[in-house]
Every structure is written in structure tokens, then in C-alpha cells.
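Novice: To start, I am sharing the structure in question, which I have written as C-alpha cells.
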Amino acid sequence: MRDEDPVHEDPKIGGWIVTRYEDVVAVLDDKRFSAERLPLTDEGYGSARAMREALSSQLLFLDPPDHTRLRKLFAKAFTPRRLDTFKPQIEALTHELLSSCMGRATDFIHEFAVPLPVTVIALVLGVPTDDRLKLRGWSAAFGSLISGRPIRGSEVAQALGGIAEFEDYFARLIQVRRAAPEDDLLSDLIAAEEAGDRLSEQELIANLILLLAAGHGTTTHFLGNGLLALSREPALWQAMVADPALVPAVVSELLRFDTPVQVTGRKAIQHVELAGRRIAEGARVRVVLGSANRDERHFANPDSLDIHREGTRTLSFGQGIHTCLGAVLARVEAQIAFNALVTRFPNLKVGSDLAERTSSVTFRGLQRLPVSLQ
Ligand code: HEM
């Protein structure tokens, strides 16, 4: 498609598919493409108005000025300096999880890549330790909503239940933190709300749900995809074992190579000419980040892992005003995880033949990756 029909109209999905790097950037930088893309009818979301309401105040689905207002508040509570203070706890958690898997056959996804990110995001938000397991179930149910595939029946009921429990839980936690603030993200956000920065409790809760859902499925997939790719590059693994200072460059390249968010979408709010094609007002446009990251017009030898690439920004965290809010946190987590793996388990064995992919088109990841931590 990149060569033959890079801005492709697809009647089957009722919209456009954009696959070249430059065109993807152009769409994500263009105000004529709106992020407010939730279906106006309930089709694909069961009959769940509550779901649409919960989604519609999330950053990911908002345009300016609401997006600008909320993003500023969340970014304030989410600065790299603030996240730095969590590094020692993330390291401790990483080592604890790895130690619990040592010396036995392990599924890297379920025993490491799932629990690490959800525990970290709960920690950053300020969710008490005892409640963190609950969040995992709720946000998995909610994750099915934004997975890019239509969901029906019992899955709708499950996702709705997840949202309702999330909302109740956070409404109670907000009361607790309001009465006695702590040094956590939630207390910062409540303070912003009280300082009259126009963050309503409903907006706060909707975006806490987003942080949890966006923050853990993606990072889980990244850790799994990354380890699988490395298991096929023994020389690179050995280079990291010899020099763990390579880890940040490896993490960046792995993000480009096999990115967890393959596709995102926008809706045209006017007619737009893109690469010679006329996209009509109201049309849906899917931009394929995974394809842009492998665009040979932008990256030399795109299908090989090369940690010495320079000056080439990957689109794994998106582009423009919706660029991932958790990018720094995701990188820190992955760097800590791969650092711990190469230093503690230089002879790690990965059962790559038994790896199983998830079925979503939007999110690319693994549901199983057997490893032996020796
Ligand atoms: C490797 C892991 C991750 C990847 C690949 C990833 C990818 C992305 C992408 C591609 C977008 C932009 C989507 C669009 O423009 O439509 C995005 C947005 C977002 N991400 Fe991430 N993400 C990751 C981890 C995280 C983490 C850890 C958090 C939370 C702590 C997070 C929170 C968010 C939020 C809140 C947004 C919406 C920002 C906005 O609309 O202004 N992400 N992410």
C-alpha cells in the first residue's frame, strides 16, 4: 500500500487508510482532522451511552480548546522530573517480579509484562497497594473498548461493569485524598481542580481511566514485542549484556520496529486534499503508525533492527497535540526492565516458537511468551 496506494479509500471499512510516514504526520498535525471520532450511534459499543460518555471527556478523543485545557493540567502532574522520583520504586518492583519467576518456566507476558505497568501506573497515580489488583481486571475489561474491534453482548456488559466500578472506586479515593492529600498524581490533580483550573470531577475520573487503560496494555505489549525481537538478535543481546548503557538506544529502536499501537484514527471536519486524494468532510481516516515506522522513504533498511539510526523520530507515540502523555514513563519502565533482564539473566532463554499474538489490529502484542529466567 505504501508504494501503490498510500492514501487508500476502503469502502469495506468506510474510510481511508494512510500508510506513508509523511502523510501520517500531515494528518496528525492538521486541525482539519478531528480527534472527536467516537461514533454518534451506539453501533459497535452495544447500547452503551455510559461508555461513550466516559470516553468522550478523555484527552484522546478531544479537540482544542477542551483538549488544551485538560492536557495542560495532566501534563503538569506528569512531568519527567516528577516521574524521575518514581524510578527507585519501579526498579524495586521490576526486580521483585523477576525474582518471583526465577528458576522456573514462566510466561513473560502474564507474570511480568502485565503486572509491571499496571502496578507502576497505580503507584504513580497514588492507588493504595492493596487495591492495585482490582484495577487490573477493570482496565482489561475497559481495554476491550478501545481495542479497535467491535464488541458485543457479554463483553459490553463486562466493559460497562468495569467502568462503573472504576468510577465508584475513584470517586471514593478522590474524597479520601481531598481530605488528606498525599505526594501523588491524584492529589496534584485534585489540587488543580480546587484551584479553579476547570477540571471537573467527571473529567478527572474519565482521564484516570484513560491513564490506566492507555498506560498498561501498551507497555505490556511493548515489553513482549521487544523481548521477542531481541530473542531473534543474539548478537545485539550479547552487546547489551556487555554494555547495558546501550539499553536506551535499543528501547528506542524496538519501539520503531514493532510498535504496540499500530493504528490510530481521526475524522475529517472539512474536505482535505492529501497526497492528491480528496478526503470528504466527515470521512474517517486511519493512520497506520506501524507502517510509517517502516517507511523506506524515511528509514534506511526499515525491516532491520539498527540501534545506530540518527535523527529519525518514530511515530510510535503519535505526533502533534495528542503525542503520548506517558511516553517518558513507558520508556523509563522499558529501560529499567531490559536493563534488569540483561544484567541478571544474560543467558535468558525465550521460547519464541511458542509466542502467541493477540488478535487486535489496533494493538500489536503477545498474549504468551514462554521464557526461562536462569
Ligand atoms: C510503549 C507504550 C506506549 C505507547 C506505544 C503509546 C502510544 C500512544 C499513542 C500512539 C498515542 C497517540 C494516539 C493518537 O494520537 O490518536 C498515545 C496517547 C496517549 N497515551 Fe500513550 N502509549 C504508551 C504508553 C503510555 C503510558 C504508560 C501512559 C500513561 C501513563 C499513556 C497515556 C497516554 C495518554 C493519556 C494519551 C492521550 C494523550 C492526548 O490525547 O493528549 N501512554 N499513546
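Bear in mind that the values in this text are calculations on the coordinates, not laboratory data. What you see is a predicted model; the values in this text were computed from it and never measured. Here the Cβ is made from the backbone with ideal geometry for all residues, glycine too, and neighbour counts use every protein chain on show.
Novice: In whole Å, what is the distance between the alpha-carbon centres of region 234-252 and region 334-360?
Specialist: So the two Cα centres are separated by 13 Å.
Novice: Grab the DSSP H runs of the chain that are 4 residues or longer, score each as -39,500 (n - 2.57), total them, divide by all residues and round the 222 nm result to the nearest 500 deg cm²/dmol.
Specialist: -15000 deg cm²/dmol
Novice: If we sort 300-308, 75-83, 263-271 on the protection proxy, mean other Cβ atoms within 10 Å, highest first, what's the order? Don't skip to the end; give the middle numbers.
Specialist: On the way: 300-308: 12.1, 75-83: 14.1, 263-271: 17.9.
Output ranking for 300-308, 75-83, 263-271: 263-271, 75-83, 300-308.
Novice: Calculate, in nm to one decimal, what Arg357 and Ser154 gain on full extension: separation in residues at 0.36 nm each, minus their alpha carbon distance. Could the numbers behind the result be given before it?
Specialist: Numbers: separation 203, 0.36 × 203 = 73.08 nm, distance 2.29 nm.
Extra length available between Arg357 and Ser154 comes to 70.8 nm.
Novice: Sort 343-353, 209-219 by the packing proxy (mean of other Cβ within 10 Å over each peptide's residues), most packed first.
Specialist: Those peptides, ordered most packed to least, come out 209-219, 343-353.
Novice: Pull up all non-local amide H partners of Leu274: gap of 5 or more, or a different chain, and H-to-H distance under 5 Å with H placed in the peptide plane.
Specialist: It is Ile279, by chain and number.
Novice: Quick one: net charge around Ser139, please, counting Lys, Arg +1 and Asp, Glu -1 for every other residue with C-beta under 15 Å from its C-beta.
Specialist: Neighbour charge sum, excluding Ser139 itself: -2.
Novice: Let me ask another. Averaged over all directions, how much area does the convex hull of the C-alpha atoms of the chain cover when projected, in nm²? Walk me through the numbers on the way to the answer.
Specialist: Numbers: hull surface 74.7 nm².
Across all orientations, the chain yields a mean hull projection of 18.7 nm².
Novice: In nm, to one decimal, how far is the modelled label at Asp10 from the one at Arg198, with both set 7 Å along Cα→Cβ?
Specialist: Result: 3.7 nm between the two label points.
Novice: Further question: Sort 6-16, 358-368 by the packing proxy (mean of other Cβ within 10 Å over each peptide's residues), most packed first.
Specialist: Details: 6-16: 14.5, 358-368: 17.6.
Top of the packing list down: 358-368, 6-16.
Novice: Moving on to the next point. Using a basic spin-label model with each label point 7 Å from the Cα along Cα→Cβ, how many nm lie between Arg232 and Glu281?
Specialist: 4.6
Novice: What length, rounded to one decimal in nm, is gained on full extension from Met1 through to Glu273, with 0.36 nm per residue of separation minus their alpha-carbon distance?
Specialist: Between Met1 and Glu273, full extension yields 96.1 nm more.
Novice: Take each complete run of DSSP H in the chain, measure how far its Cα atoms stretch along the helix's own axis, and keep only those covering 18 Å or more with mean Kyte-Doolittle hydropathy at least 0.5; list them.
Specialist: Flagged H segments are 201-231, 327-344.
Novice: Pop out the ³J(HN,Hα) list for region 262-274 in order, Karplus 6.51 cos²θ - 1.76 cosθ + 1.60 with θ = phi - 60°, rounded to Hz; leave Gly and Pro as x.
Specialist: For region 262-274, the Karplus-derived couplings read 7, 9, 9, x, 8, 10, 6, 9, 8, 5, 9, 8, 9 Hz, x marking Gly and Pro.
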